[in-house]
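We did not get these values from a lab; they are worked out from the coordinates using the rules stated. Keep in mind that what you see is a predicted model, and the values were worked out from it rather than measured. Ideal geometry is used to build each Cβ from the backbone, glycine not excepted, and the neighbour counts take in all protein chains shown.
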Amino acid sequence: MAELVTLTDHGLYCPQADLYIDPWKGVKRAIITHGHSDHARYGSTYYLCHHHSIPILKTRLGDIAVQGLDYGETIISNGVTISLHPAGHVVGSAQVRLEYKGEVWVISGDYKTQADGISQAFEPVTCHTFITESTFGLPFFHWQPQWVVMRQIQQWWERNRSDGISSILFAYSLGKAQRILANLDTSVGPIIVHGATHAMNEACRQAGINLPPTYRVSELPDASLSKGALVIAPSSAAGNSWLRRFEPYRTAVASGWMAMRGARRWQAADRGFILSDHADWHGLNQAIQATGAKRILVTHGYADLFSRWLIEQGLNASVLKTQFTGEQVNEPETEITET
């Protein structure tokens, strides 16, 4: 049987169904795993995604033709059964399951196995071939329980507020920003968000996600309220004049890369919080084992090293080179700016 999914210059392609998964060029039909800019790109004629991703994609891509599916709901295209399954990465994120003549492939997109209380938790899907990310595919990466990191952020904010200092937290506008909002005690004080973060918050609210109230700077009833506030912004805002209105302030970065020695100093931040919306080493191995897949295609991240490890474990693993980028410290998705 021919390969159910192949790699083309437009991205991952299922020839039997004549559709692409997260294409990096415009195509006729695209399945989108989630709303981050390396997976959701403009220019396709028709998009398919989970229902919760629709407002996110429309915020990012404009007035597109898009169809939403529930998790586990199936459609059939030229004999290929297609369904979406929770990836636990961000709101609306999904793994793509393709089945044709008894052969099952699953494309993970980006995923994490740690429940975050806001996106539907990752569910392993039994398959023959699993295409997995490997953003943090080294044994070095091991995440603490979420409550530990949220307590660290909470205490940092409370300490800064008691000192009369604003807390600038750099975090992805889609994913970590909503995760932080949903898991902090927001009674401490006002939370101000950058325009890019505000746009993604509103898209998630449209998808039915309950988030606490936040303000844009222009919406503050009293400018003095910004003193001691928590300010959530993408990393592109670092060094921007937009931040001056919050002086004095302390800065922090929320990223899985903060686990690397010197990463906080590299980002010139006062504090680093190890928080990622991708699976760590244990999560990657756990997820792959749970699929039962005998063939693993590894993409973006430490793909070479991680695939070598999987081969040593007796799996048929190889690298699939794509244009996906996974988590970066500097968020690559800041079309919306603040003035």
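Would you grab the residues whose amide H sits under 5 Å from the one on VAL104? Only those 5+ places off in sequence or on another chain, please, with H modelled 1.01 Å from N.
Distant-sequence amide H within range of VAL104: HIS128, THR129.
Determine the sum of side-chain charges near HIS278: Lys and Arg each +1, Asp and Glu each -1, restricted to other residues whose C-beta is under 12 angstrom from that of HIS278. Could the numbers behind the result be given before it?
On the way: positive: LYS112, LYS176; negative: ASP110, ASP116, GLU133, ASP277, ASP280, GLU327.
Combined, the nearby Lys, Arg, Asp and Glu give -4.
List the aspartates and glutamates whose Cα lies under 20 Å from the Cα of LYS101, skipping any in the same chain that are fewer than 8 positions away.
Of all the aspartates and glutamates, those that pass the test against LYS101 - Cα under 20 Å, at least 8 places apart if same chain - are GLU3, ASP18, GLU73.
Jot down the per residue volume, in cubic angstrom and as a whole number, of the convex hull over the alpha-carbon atoms of the chain. Don't skip to the end; give the middle numbers.
Details: hull volume 42.0 nm³, N = 339.
Considering the Cα atoms of the chain, their hull volume per residue is 124 Å³.
With the Cα gyration tensor of segment 176-245 in hand, convert its eigenvalues to equivalent ellipsoid semi-axes via √(5λ) and list them largest first in whole Å.
Working: eigenvalues 74, 43, 25 Å².
Three semi-axes, in Å: 19, 15, 11.
Given springs between every Cα pair under 10 Å in a Gaussian network model of the chain, which of TYR20, TYR172, TYR42 has the largest fluctuation?
TYR42
For the pair THR74 and LYS28, what calculated FRET efficiency results from E = 1/(1 + (r/R0)^6), where r is the Cβ-Cβ distance and R0 = 25 Å, to the nearest 0.05? Could the numbers behind the result be given before it?
Numbers: r = 21 Å, r/R0 = 0.83.
Once the sixth-power term is evaluated, E becomes 0.75.
Would you list VAL193, VAL96, VAL66 from fewest to most Cβ contacts within 10 Å?
VAL66, VAL193, VAL96
What whole-number volume per residue, in cubic angstrom, does the convex hull of the C-alpha atoms of segment 146-273 give?
Numbers: hull volume 13.2 nm³, N = 128.
With only Cα atoms used, segment 146-273 gives 103 Å³ per residue.
Among 315-323, 116-124, 33-41, what's the highest-first ranking by average C-beta atoms within 10 angstrom per residue? The partial results should precede the final answer.
Details: 315-323: 16.2, 116-124: 19.2, 33-41: 24.0.
Per-residue mean Cβ counts within 10 Å order the peptides as 33-41, 116-124, 315-323.
With a cut-off of at most 15 other beta carbons within 10 Å, and DSSP calling the residue loop, which trypsin sites (Lys or Arg not before Pro) in segment 54-114 qualify? Please list them. Write out the running numbers ahead of the final one.
On the way: sites: LYS58, ARG60, ARG97, LYS101, LYS112; in loops: LYS101, LYS112.
Here the sparse-neighbourhood loop sites are LYS101.
For a quick check, take a GNM of the chain with Cα springs below 10 Å and name the residue from SER276, SER83, SER162 with the largest mean-square fluctuation.
For the chain, modelled as a Gaussian network with Cα springs under 10 Å, the answer is SER162.
Mind checking which of GLY208, HIS34, ALA279 is farthest towards the positive end of the chain's charge dipole, using Cβ charges of +1 (Lys, Arg) and -1 (Asp, Glu) about the Cα centre?
Selected residue: ALA279.
For GLU3 and SER241, compute 0.36 nm times the residue count separating them, minus their Cα-Cα distance, and round to one decimal in nm. Walk me through the intermediate numbers first.
Working: separation 238, 0.36 × 238 = 85.68 nm, distance 5.14 nm.
Between GLU3 and SER241, full extension yields 80.5 nm more.
Can you return the lysines within cross-link range of LYS176? Criterion is Cα-Cα under 16 Å, with same-chain partners fewer than 8 residues away left out.
LYS112
Counting Lys and Arg as +1 and Asp and Glu as -1, what is the net charge of the other residues whose Cβ lies under 14 Å from the Cβ of CYS204?
Values: positive: LYS58, ARG60, LYS176, ARG179, ARG205; negative: ASP116, GLU202, ASP277.
Residues near CYS204 contribute +2 overall.
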